[in-house]
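Structure first, then comments.
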Amino acid sequence: MTTMSEMFLRSPDNGWVSPQIVSYGAEAHLQGLLLAAPHVIPGIDEPVAICKEFSTGAGPADLLVINSQGEITIIECKLKYNSESRREIFGQILDYASSLWNMPIQTFLDQWQSSAGNRLNSVLGEKAELIIESVGQSLASGRFNLVLAVDEINPKLERIVTYLNRVTKTEISVYAVVFKRVSVGTIEVLLPATFGLDQVEEKEIPTAAAEQ
């Protein structure tokens, strides 16, 4: 682990100390963190349903999340040591999104049960029927949130996120989120930083103006 020199935390016993950066070691570690705490992902609210390795037909998405409005978020995890895969992640996540587009809701529900090991309506609570109806609408329209979960961002990654948001319709939102982990003793801190949010909000402005 290395020291994070731009931040200091104070403890009663040791005074001001610099936290240590904690590496993930493997992409499965980042995937597991988000699986256990999906609320740290932008746009995700409670209650949520989350599935690991959801079978899209084009391959398994690392994580697929449904929020209480029936919005679908597809998440792919990549670490900085895998530079080639970080570039390929865009084609990968768009392939997953295009495979979900127009998928019949019953097919989606069957895939969910096969991948997650539970029925979707069993984890959505009393509003399950309304949420599943909204999921069907998201599938039909191709309205998805695409999240690239990484441990470090670079100018190339930022440029591609900006480009995709500028040239795609409002149905598609693309984010890159850096999930940096630091620790001080037994305390662990997660520092998410989101890239692409400004471009997504800019896309929504013309649509909102046209409806007035």
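Report whether or not Gln20 is more than 29 Å from Glu201 (Cα to Cα), open to solvent by 30 Å² or more (accessible area, probe 1.4 Å) and at pLDDT 90 or above.
The answer is no for Gln20.
Please give the helices (runs of 4 or more DSSP H) falling wholly within segment 61-136 in which 2 or more residues are surrounded by fewer than 17 Cβ atoms within 10 Å (Cβ to Cβ), in contact (Cβ under 8 Å) with a residue 40 or more places away in the chain and of a type outside the set (Lys, Arg).
Because the criterion is at least 2 residues that are surrounded by fewer than 17 Cβ atoms within 10 Å (Cβ to Cβ), in contact (Cβ under 8 Å) with a residue 40 or more places away in the chain and of a type outside the set (Lys, Arg), the helices (runs of 4 or more DSSP H) in segment 61-136 that meet it are 83-100.
Is there a residue being at pLDDT below 85 and either open to solvent by 70 Å² or more (accessible area, probe 1.4 Å) or farther than 16 Å from Glu71 by Cα (or both) anywhere in segment 137-145? Before you say what the answer is, go through the steps one by one.
First pass over segment 137-145, keeping only residues at pLDDT below 85: none.
No; the residues of segment 137-145 include none that is at pLDDT below 85 and either open to solvent by 70 Å² or more (accessible area, probe 1.4 Å) or farther than 16 Å from Glu71 by Cα (or both).
Go through segment 48-60 and give me each residue that's assigned to a strand (DSSP E or B) and open to solvent by 20 Å² or more (accessible area, probe 1.4 Å). I'd like the intermediate steps shown before the answer.
So the first thing to find is which residues in segment 48-60 are assigned to a strand (DSSP E or B), and the list is 49-55, 60.
Selection gives Ile50, Lys52, Glu53, Ser55, Pro60.
Take segment 163-183 and flag every residue that is assigned to a helix (DSSP H, G or I) and open to solvent by 40 Å² or more (accessible area, probe 1.4 Å).
Across segment 163-183, the qualifying residues are Tyr163, Arg166, Val167.
The values are calculated or read from the model by the stated rules, or taken from the named source; none is laboratory data. Source: prediction; values computed, not measured. Cβ sites come from the backbone with ideal geometry, for glycine too, and all protein chains shown count toward neighbours. Accessible surface areas use protein heavy atoms only, side chains included; no ligands, DNA or RNA. Shrake-Rupley method; radii C 1.70, N 1.55, O 1.52, S 1.80 Å.
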